[in-house]
Structures are given as structure tokens and as C-alpha cells.
Amino acid sequence: MVELVSGAEFDRLFRSFRNTAFRLETQGVYREPIEDEPLRRFLNGEPPDDEWLAPWTDNVRIATSEGRRFQRVRVLTEPLTDYLRFEMDLALRANLPAGEQIRSLSISAAAALGLPLGTDFWMFDDDQVGVMHFGERGMLGLEMITDPAEIEQYRRWRDQAWNDAAPAEEWAVLVQ
């Protein structure tokens, strides 16, 4: 059985990285219970209430004010799922203003690059990788990768994704 990092240990990773926390997002839908109501509001055209995201955006603001970076590449389905439209809208309102750097890549471009579709991961600096495991109702935790050769492969995927993905200014028109 794989040991998963979650809870306080998971949160610690986001406070203790030295330079960069990078995430590759490859799913068309995430089923996080905390997002149920914000997603419902978005789909019904109701005004957003992003208070639920404040702990995350506050942490991002603190880290970026200290010179650390949060980077994310989101793989986009073709056509976009309602969930991804919600996530992109949220990124424009909350994540980007907090200091996250977010880029997107089509699923066909990601496949052509050989990215690990269906596998989400966080990379902290260049030496810690956590592969995300999901259940029916959200993330269960991170499986920490310790093998140096595997970590090197995740670095290559990170660099390929980041270098080929389009910045927010280019994909923002998709949610307008």
C-alpha cells in the first residue's frame, strides 16, 4: 500500500519550499467538496464568493512576497469541461492576482509532448515530487517520489509543460 502525505504534512510542503512550487493539472474535472458550492454558483451565473479560497491565496501572497513562486500548468480538454471553465475563471479572479503564475496547454499538445496525462503532481523546488492520488470526492494525498531518476523525469515533464504552455493573457479569452 502506498503511503500518502495529507493534512498538516501536505500543508507544510507549501510553507517550506525554498524557490518554486509547481503543479501539473491533467484532469478535466476535480471533485473537491469545498468547490461544490462555488462551482454551482458559477454554473448558475451567480456572483462568486471566493472566501473559501482565502487560505490558499493568502499563502500564495505570503510566499510570493518572499520571492518564492507558485507555478501551474493546466491541461485543457477539447472542448473545455464546465469545471475547467470554472477553474479558469477562478484563476483570473483569485489565483493570478494572488501571485500564481498559471499557464495552459491543450490536451492534444500535452499528449504530443509525452506529458503524463491522468497524472497530477506537485514539484517543490527541484528535489521533491508528490504525485496526487484522488478518490471519488477529491484528493486523498501525495505519494512522495524519492528515486532520483524518477524525480529527473518529473523535472523534464515540468520544463516541457511550462515552456510550451500559453500564459494567462492568451487563454483568458476562452472563458469570456
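Values in this text are rule-based calculations from the coordinates and carry no lab data. Model, not experiment: these values are computed from the prediction. Here Cβ is always computed from backbone atoms with ideal geometry, including for glycine, and neighbour counts include all displayed protein chains.
Summary of values
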item	result
Residue that is surrounded by the most Cβ atoms within 10 Å (Cβ to Cβ) [pool: residues in the range 105-155 that are part of a loop (DSSP other than H, G, I, E, B) and under 14 Å from the mean Cα position of the chain (by Cα)]	120
Residue check for residue 72: touching an Asp or Glu at 6+ places or on another chain (Cβ under 7 Å), within 19 Å of residue 119 (Cα to Cα), buried (at least 17 other Cβ atoms within 10 Å of the Cβ) and of a type outside the set (Val, Ile, Thr)	yes
The listed residue being surrounded by 19 or more Cβ atoms within 10 Å (Cβ to Cβ), out of contact with any His (no Cβ under 6 Å at 6 or more places or on another chain) and of a type outside the set (D, E, K, R), out of 84, 13, 80	84
Qualifying position, being of a type outside the set (S, T, N, Q), within 21 Å of residue 165 (Cα to Cα) and surrounded by 13 or more Cβ atoms within 10 Å (Cβ to Cβ), among 4, 90, 53	90
Given (1) closer than 20 Å to residue 171 by Cβ; (2) outside any helix (DSSP H, G or I), index of the condition residue 90 fails	(2)
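Each row is one residue, and each column tells you yes or no for (1) out of contact with any helix residue (DSSP H, G or I) (no Cβ under 7 Å at 6 or more places or on another chain); (2) more than 15 Å from residue 30 (Cα to Cα).
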position	(1), (2)
94	no, yes
125	yes, yes
135	yes, no
138	no, no
145	no, yes
159	yes, yes
164	no, yes
